[in-house]
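Novice: Before anything else, here's the structure in question.
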Amino acid sequence: MNARAVPFLSSTFSLALAIGLLSQPAPAPAPGPSLTQLSKEGRRPLPIVIIGDQEFVGLDDLAAAFQLAVHEESFGALTVSYKGKTIVLTPDQTLASVSGRLISLPAPLARRGTRWLVPLEFISRALAPIYDVRLELRKPSHLLLVGDVRAPYVTVRYDPLGNAGRLTIDATPRATSTVSQEGERITIKFDADALDIANPPLAPQGGQSLVQTVRVADATTLVVDLGPRFAGFKAAAQPVDTTMRLVIDVVAAQTETTPAPAPAPPPDLPGTPAPAELPPALNPPAFAIRTITVDPGHGGDDEGVKGAAGAKEKDLTLSVARRMKAAIEGRLGIRVLLTRDDDRNVPIDERTAIANNNKADLFISLHLNGSMRRSASGASIFCAAFDDDAHAAAASGGAERLPTFGGGLRDIELVPWDLAQTRHIAQSDAFAAILEQQLHGRVPLAEMPIGHAPLRVLESSNMPAVLVELGYLTNTDQEKLVTGDGFQSAFVQAIYDAVVRFRETLGPGGTP
Amino acid sequence: MTTRRAIALACAALLVVAFAWAARSVPRGRPTTRAVAAPSPTAPAPPGRKIKARLFYVSESGMKLTGVERDVAYAENAAEQAREIVAVQLGQVAEPLVSAVPTGTTLRALFLTDNGQAFVDLSREVAAAHPGGTVNELLTVYTIVNVVTANLPAISAVQVLVDGKEVDTLAGHVDLRRPLGKNLGWVQ
């Protein structure tokens with residue numbers, strides 16, 4: 001063996017490295033943040049050094065933290081050993097040998113003063129394979145998990161919805177939590193060793209927001225500071241793939257009577273207070289409307305209209321659709337299905353099929369308008385339009401007698417798929433009129449806010465259906481307006497109120 | 001005699017097959033009619049003869065169409081006249097007029113059926129270069145539909161084709177799977 005062991009950072013080692021430095025000058029490094037080493041024993045910082053656009057950590061720090069032996073070979077290489085397993089690093093090389101297998105690093109070894117520095121990826125790509133305890137590097141959050149520690153990655157999102165709001169807290173991998181209210185704050189305690197979370201988790205909302213801030217209280221606890229209008233909340237958790245999603249709906253003390261029933265808090269969340277103090281608006285829901293399909297227009301490579309400042313129709317429709325889902329599901333207990341919940345292109349027929357196959361009671365397609373004239377502005381609502389031939393064709397579809405599961409025969413009314421809306425025009429018009437009333441005074445409306453047109457996405461909808469244009473993205477002022485939080489909150493509140501009032505016009509079976 | 005009868009039966013069978021083929025070739029939306037390509041004018045119009053046609057452009061509000069009278073070359077039959085009118089409608093215009101049809105769109109073909117429906121086949125630019133938006137798309141479609149139906153009373157409906165094919169929509173909104181009737185509600 002041609003290697004000789006040296007005490008780490010011994011004078012011999014330092015001299016050898018100093019010689020190496022003369023032949024390989026490194027750029028001046030800038031001080032950086034630290035890597036938090038997280039284990040059952042606690043937290044320990046490992047300083048990070050930034051050189052160029054790469055993050056490095058000192059090999060001496062790693063050696064001390066993980067009981068590594070570092071040797072300088074006579075041929076210029078460095079060997080890092082742990083319990084008989086060896087990593088060989090070579091200056092100027094991004095390749096390293098890990099127990100005889102080659103791995104690649106984003107940068108070669110670097111030198112700062114008398115210290116050798118290795119890229120952060122050295123930990124996950126070279127050290128972790130030879131170490132006998134799990135090492136998990138989470139580079140974006142500068143966390144290094146050592147051993148069996150549970151540190152879910154937690155994100156917090158808040159969607160204000162006028163007199164309500166929804167906090168969505170995702171923990172990946174799944175971690176359960178306990179939600180409790182203490183005065184003007186809600187405490188969320190996670191069953192974990194630590195949280196991998198941005199700090200602060202949520203930017204201060206300020207103003208009259210129901211949720212003022214979300215902050216990290218300790219290693220596993222978040223605190224939601226509530227605004228003065230807060231009246232009550234309900235929380236529900238459900239797994240989504242590898243994530244546990246906690247949804248907390250908060251409502252404000254209301255000054256007007258708006259029917260807004262809230263389902264009871266789920267029994268699986270100890271500590272969730274019964275919303276006894278919730279406003280009278282929170283009544284059990286009527287069931288004339290059980291399901292609403294909300295269709296965020298366009299998506300994927302179909303971007304829809306693009307504004308001069310860069311706003312895209314497909315993004316805005318999705319953002320508003322998510323808010324609508326949160327508001328209507330959270331406060332009315334009505335199931336809301338989105339035809340897409342991400343940035344993808346969904347064929348028009350598939351959008352309608354989602355509504356039809358789920359027996360939705362209302363279909364709302366969201367869009368942003370465009371015109372060749374920049375002066376065009378205002379929100380509008382479209383219902384489907386059919387000519388006389390189409391009505392006649394729908395009426396002549398006839399009925400077919402088909403066997404039923406229980407025996408016997410049943411007459412099934414047949415309506416062509418693309419004419420299904422003909423049977424619901426009156427109710428669609430009724431909802432459009434109600435929605436116009438609710439939008440009036442809250443958002444700018446077009447000169448003629450309600451129109452009828454042969455719109456493909458509405459024609460096949462087998463339930464009351466409207467297409468709502470939030471405004472014109474081709475109008476610079478409107479683009480700025482519709483991308484704002486205030487507009488979107490007002491718009492969603494108007495939709496919410498329209499659904500409530502539309503439901504009131506329906507009988508228990510969903511008919512006027 | 002038997003041979004003649006066999007030949008007659010064969011001819012009848014061929015006619016049935018040909019008729020079935022022709023029926024399948026008819027675009028959707030007009031199942032009771034047969035597509036007939038508009039004949040070329042047999043007697044060319046005297047040079048310089050014009051008619052007044054009402055063309056449609058985007059109104060000042062940007063949410064409607066506005067009608068503008070223009071001279072268009074006279075043609076001897078409805079199909080050729082429709083082609084002349086649509087070609088002028090698709091031509092470039094200068095401010096203050098603004099066309100709802102994307103620049104670069106050209107007329108590939110136009111033919112009529114014997115029940116008063118027109119099929120207007122436009123180049124791919126009408127969809128590929130369309131900027132989107134429901135109202136934009138409605139104004140594009142009704143520019144074509146109205147310019148044909150408003151100027152040629154014998155034509156009651158128009159189906160827009162793109163690049164020779166039936167399309168669902170131009171930009172995701174307006175259903176183009178069947179002929180659309182004149183709608184002056186989009187004209188101020």
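None of the figures in this text is laboratory data; all of them are computed from the coordinates on show. Model, not experiment: these values are computed from the prediction. Counting neighbours? That spans all protein chains shown, and the Cβs are built from the backbone with ideal geometry, glycine included.
Novice: Could you tell me the center-to-center distance, by alpha carbons, between segment B:149-186 and segment A:112-177 in angstrom?
Specialist: Cα centroid of segment B:149-186 versus Cα centroid of segment A:112-177: 56 Å apart.
Novice: Listed here are the pairs A:LYS234/A:LYS314; B:LYS50/B:LYS165; A:LYS325/A:LYS359; A:LYS314/A:LYS480; A:LYS40/A:LYS139; which of them are more than 23 Å apart at the Cα? Can you show the working numbers first?
Specialist: Numbers: A:LYS234/A:LYS314 31 Å; B:LYS50/B:LYS165 32 Å; A:LYS325/A:LYS359 17 Å; A:LYS314/A:LYS480 16 Å; A:LYS40/A:LYS139 20 Å.
Violating the 23 Å Cα-Cα cut-off are A:LYS234/A:LYS314; B:LYS50/B:LYS165.
Novice: Exposure proxy check: B:LYS165, A:LYS306, A:LYS139 ranked by fewest other beta carbons within 10 Å? Don't skip to the end; give the middle numbers.
Specialist: On the way: B:LYS165 9, A:LYS306 18, A:LYS139 13.
Fewest-to-most ranking of B:LYS165, A:LYS306, A:LYS139: B:LYS165, A:LYS139, A:LYS306.
Novice: Let me ask something else about it. List every residue whose amide H lies under 5 Å from the amide H of A:GLY232, counting only residues 5 or more places away in sequence or on a different chain, with H placed 1.01 Å from N in the peptide plane.
Specialist: A:VAL251
Novice: Which of A:TYR82, A:TYR472, B:TYR57 comes first, and how do the rest follow, when ranked by fewest Cβ neighbours within 10 Å? Walk me through the numbers before you get to the answer.
Specialist: Working: A:TYR82 16, A:TYR472 33, B:TYR57 19.
Listing A:TYR82, A:TYR472, B:TYR57 from fewest to most nearby Cβ atoms yields A:TYR82, B:TYR57, A:TYR472.
Novice: When a/c reaches 1.5 or more, the comparison of a/b and b/c decides; with that in mind, is segment A:413-512 rounded, prolate or oblate per its Cα gyration tensor? Before the final figure, lay out each step's value.
Specialist: Working: a/c = 2.67, a/b = 1.55, b/c = 1.72.
Verdict is oblate for segment A:413-512.
Novice: Can you work out ³J(HN,Hα) from phi for every residue in segment A:424-429, in order, using Karplus 6.51 cos²θ - 1.76 cosθ + 1.60 and θ = phi - 60°, giving whole Hz and x for Gly and Pro?
Specialist: 10, 4, 4, 6, 4, 4
Novice: Collect residues whose amide H, placed 1.01 Å from N in the peptide plane, falls under 5 Å from the amide H of B:VAL174; neighbours closer than 5 in sequence don't count.
Specialist: A:ARG456
Novice: Loop-only check: which trypsin sites (Lys or Arg not before Pro) in segment A:315-378 are DSSP coil with at most 16 other Cβ within 10 angstrom?
Specialist: A:ARG344, A:LYS359, A:ARG374
Novice: Give the aspartates and glutamates whose C-alpha is closer than 14 Å to that of A:LYS83, dropping any in the same chain fewer than 8 places away, or say none.
Specialist: A:ASP132
Novice: I need the calculated FRET efficiency for the pair B:THR106 and B:SER156, taking r as the beta carbon distance and R₀ as 35 Å, to the nearest 0.05. Walk me through the numbers on the way to the answer.
Specialist: Numbers: r = 25 Å, r/R0 = 0.71.
Given R0 = 35 Å and the Cβ-Cβ separation, E is 0.90.
Novice: What are the ³J(HN,Hα) couplings of segment A:379-388, residue after residue, when phi is run through the Karplus curve with 6.51, -1.76, 1.60 and θ = phi - 60°? Round to Hz, x for glycine and proline.
Specialist: Each residue's phi maps through the Karplus curve to give 7, 8, 10, 10, 10, 5, 10, 10, 8, 4 Hz.
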